[in-house]
Amino acid sequence: QRLLEDETERIHLCLGCRNMQRAEGARSALLHSHPSAQVDVLQVDTSSTTSVLRAAHEFRLRYNRLDYLYLNAGIMPNPQFDVKAFFRGLLSGQVISMLATGVGILTQKDSVTPDGFQEVFSTNLFGHFLLFRELEQVLCKGGLRSQLIWTSSSNAHRSAFSLQDVQHREGSQPYSSSKYASDLLSLALNTHYNQQGLYSSVTCPGFVMTNLTYRVFPLFPAFFWTLLMPVFWLIRLFTNTFTLTPYNGAESLFWLFKQKPESLDPYCKYHSLTSGLGNTYTEARKMDVDLNTSEALYEALLQLERDVRKKLEDQQKTYQSPKLWDNLEQSHTTA
Ligand SMILES: NC(=O)c1ccc[n+]([C@@H]2O[C@H](COP(=O)([O-])OP(=O)(O)OC[C@H]3O[C@@H](n4cnc5c(N)ncnc54)[C@H](OP(=O)(O)O)[C@@H]3O)[C@@H](O)[C@H]2O)c1
């Protein structure tokens, strides 16, 4: 919506979504407000390696160029609210930070995908990485620069991440771990790809009322959140991270679209912020990341990518099935 408001005529949008019904709903809403816009949908489930490979293949068949790749899909499954930690936090000096990021008070129960990956890691990080790798050939086309824009979080904490357990199989904060990993990965991608004209940035949308937030308290009825809004507006007088609406939360994602990518700092996260008076703006804040750890994570992800490709090749040999994209190409020709 923010992009179309700015550049309806020049933009060709492709919405990558797992649920086609919701995707079509989003597309219709965008076309309703911007009838001349070009908006397509593409099915992709970032938690599934075959879905990502299929989607990337379909994308390459449909389009020959990609300038901006927004890596936004994210989950925080089965969030558990730690009441004791909450009350301890209230008495500490970290109340605002705790309320704004959920640090220390939110844990999650992760699961394993049919591919054998931790679901949060796969959905929030690895699926995006694989998608990017598969789309490399359509990025930076014709000597133009391209941008990757990750939706990270202020909840990305070094303490939740371990190089020995990049998928966070052992811990109870897979969300924080996956977001910290996206901060690290963005730095590594800048190191490896800037020379080719590809730039990567991370954003935090702030605290936004979305399905992800509602699921933290699934028993609360919808009207309860509406009742809470005046409280949130009050809190906003003390912390500008309470952006509250998706429109405000998208501020930094839109802001990045307008920047010269080479002017951006690879060590910064770009935060969407909203002042007490409701004005939105973007602020760059240094991330707690270092080159060595980012390189080590990048290598680990490349290794996982090799493993995925090898497994798929072996499966195709065993079942003598055509490559999954051969099927896709046939259906395209027929269509
Ligand atoms: N809300 C906040 O306060 C907040 C704060 C910091 C960061 N974030 C980040 O902001 C991003 C957007 O989240 P949100 O707050 O807008 O939550 P949301 O309303 O739950 O949106 C998440 C989106 O990701 C999609 N998605 C989830 N799993 C997917 C998968 N496997 N494949 C493809 N798409 C998938 C969802 O698709 P469906 O429509 O099919 O469910 C949905 O459109 C996330 O990365 C989140 O971590 C949010």
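Since every read-out is calculated from the coordinates, none of them should be taken as a lab result. What you are looking at is a predicted structure, and each value in this text was computed from that prediction instead of being measured. Reconstructed Cβ throughout: ideal geometry from the backbone, glycine too, with neighbour counts over all protein chains shown.
Tabulated results
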{"read-out": "With Cα atoms, 0 to 90° folded angle of helix 49-62 axis to the chain main axis", "value": "70"}
{"read-out": "Share, in percent, of DSSP beta bridges within the stretch 47-334 that are antiparallel, nearest 5", "value": "40"}
{"read-out": "Sites L31 and S275 - FRET efficiency at Förster radius 25 Å, r taken between beta-carbons, to 0.05", "value": "0.15"}
{"read-out": "Normalised convex hull volume, the stretch 47-334, alpha-carbon set, Å³ per residue", "value": "156"}
{"read-out": "Under-18-angstrom lysine pairs by C-alpha in the chain, whenever the two are 8 or more apart or on separate chains", "value": "9"}
{"read-out": "FRET efficiency for Q137 and E170, using Cβ-Cβ distance with R0 set to 30 Å, rounded to 0.05", "value": "0.25"}
{"read-out": "Restricting the stretch 9-74 to GluC sites (Glu not before Pro) in coil, as DSSP defines it, with at most 13 other Cβ within 10 Å", "value": "E9"}
{"read-out": "Ordering of 68-80, 178-190 by burial proxy (mean other Cβ atoms within 10 Å per residue, highest first)", "value": "178-190, 68-80"}
{"read-out": "Amide H within-cut-off set for C140, under 5 Å, with H built and near neighbours excluded", "value": "L66, S146"}
{"read-out": "Residue-by-residue Karplus 3J(HN,Hα) for the stretch 110-118, coefficients 6.51, -1.76, 1.60, Hz, glycine and proline x", "value": "8, 9, 10, 7, x, 6, x, 9, 5"}
{"read-out": "At most 16 other Cβ within 10 Å, DSSP loop - trypsin sites (Lys or Arg not before Pro), the stretch 209-318", "value": "R215"}
{"read-out": "Candidates G127, G16, G278, ranked by Gaussian network fluctuation over the chain, Cα under 10 Å, top entry", "value": "G278"}
{"read-out": "Inter-label distance for F217 and S263, nm, one decimal - labels placed 7 Å from Cα along Cα-to-Cβ", "value": "4.1"}
{"read-out": "Dipole magnitude of the chain, debye to nearest 20 (Cβ charges: Lys/Arg +1, Asp/Glu -1, about Cα centre)", "value": "340"}
{"read-out": "Length released on extending from V231 to K286, taking residue separation times 0.36 nm less the Cα-Cα span", "value": "16.9 nm"}
{"read-out": "Helix 222-235 axis, angle to the chain major axis (alpha carbon atoms, nearest 10°)", "value": "70"}
{"read-out": "Estimated FRET transfer efficiency when R0 is 51 angstrom, pair T318-E9 (beta carbons, to 0.05)", "value": "0.55"}
{"read-out": "Backbone HN-Hα couplings from phi across the stretch 152-163 [Karplus 6.51/-1.76/1.60, Hz, Gly and Pro as x]", "value": "9, 6, 6, 7, 7, 10, 3, 5, 8, 10, 9, 5"}
{"read-out": "Length gained when the stretch T210-Q303 is fully extended (0.36 nm per residue, less Cα-Cα span)", "value": "30.1 nm"}
{"read-out": "Under Karplus coefficients 6.51, -1.76 and 1.60, residue-wise ³J(HN,Hα) of the stretch 14-22 in Hz, glycine/proline x", "value": "10, 8, x, 9, 7, 9, 5, 5, 5"}
{"read-out": "Of T107, S177, L187, farthest towards positive along the dipole that unit charges on Lys, Arg, Asp, Glu beta carbons give the chain", "value": "T107"}
